[in-house]
Amino acid sequence: LFVLGGAFALFTIPLSLRFLEQFGAGFVVFTYDINRFVSFVGGFILAFGAVFQLPIVLFFLARIGVVNYAMLAGNRKFAVVAALIVGAVLTPADVFSMMALAVPLYALFEVSLIVIRFTKPPEPDGWK
């Protein structure tokens, strides 16, 4: 999933840069420095790759009994807000990049819910 997130980041980077260039067209002259560009691309790939790990994290949390389907499904509104906050914090200060991260993050949350719904919770062993 990390590779899928990185590939999605590579798809959205040109779109994000085009949006940023059009946003400041006529007022700002864009110059690219290789160090900043590599840092930007690397940070973007790491952020998207890390975010795409959400289904794995939620699956293991459900498997050990920390979360369950009912708890996560009942808190969908908080998941939407959390996805928007994560998108705002991990991307540059533009709406396109934020939404490019927040929408897949919420979609992965919903996929995680489907997987967790069919995952057996751990059975208590009791004292042996």
*If we scan segment 77-89, do we find a residue that is closer than 16 Å to F2 by Cα and not small (G, A, S)?*
no
_Out of F27, F37, F23, F48, I need the residue that is of a type outside the set (V, I, T) and closer than 22 Å to A83 by Cβ. Which one?_
F48
*asked:* Given the criteria of a type in the set (A, V, I, L, M), open to solvent by 30 Å² or more (accessible area, probe 1.4 Å) and under 17 Å from M98 (Cα atoms), does V28 qualify?
replied: no
*asked:* For the structure I just gave you, tell me whether L108 is within 18 Å of F11 (Cβ to Cβ), open to solvent by 20 Å² or more (accessible area, probe 1.4 Å), in contact with a Leu (Cβ under 8 Å, 6 or more places away or on another chain) and of a type in the set (A, V, I, L, M).
replied: yes
*Taking segment 31-61 only, how many residues are under 22 Å from Y106 (Cα atoms), open to solvent by 30 Å² or more (accessible area, probe 1.4 Å) and outside any helix (DSSP H, G or I)?*
1
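Yes/no matrix, rows are residues, columns are (1) open to solvent by 80 Å² or more (accessible area, probe 1.4 Å); (2) touching a Lys or Arg at 6+ places or on another chain (Cβ under 7 Å); (3) within 20 Å of F11 (Cα to Cα); (4) touching a residue at least 40 places away in the same chain (Cβ under 8 Å):
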position	(1), (2), (3), (4)
R63	yes, no, no, yes
N75	no, no, no, no
T91	no, no, yes, yes
M99	no, no, yes, no
*Does V67 satisfy the condition of being more than 16 Å from L17 (Cβ to Cβ), within 20 Å of the chain's Cα centre (by Cα) and part of a helix (DSSP H, G or I)?*
no
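The values are calculated or read from the model by the stated rules, or taken from the named source; none is laboratory data. Computed from a predicted model, the values in this text were never measured in an experiment. Neighbour counts run over all protein chains shown; Cβ positions are idealised from the backbone, glycine included. Just so you know, the surface numbers come from the protein's heavy atoms only, side chains and all, with ligands and any DNA or RNA stripped out. Shrake-Rupley method; radii C 1.70, N 1.55, O 1.52, S 1.80 Å.
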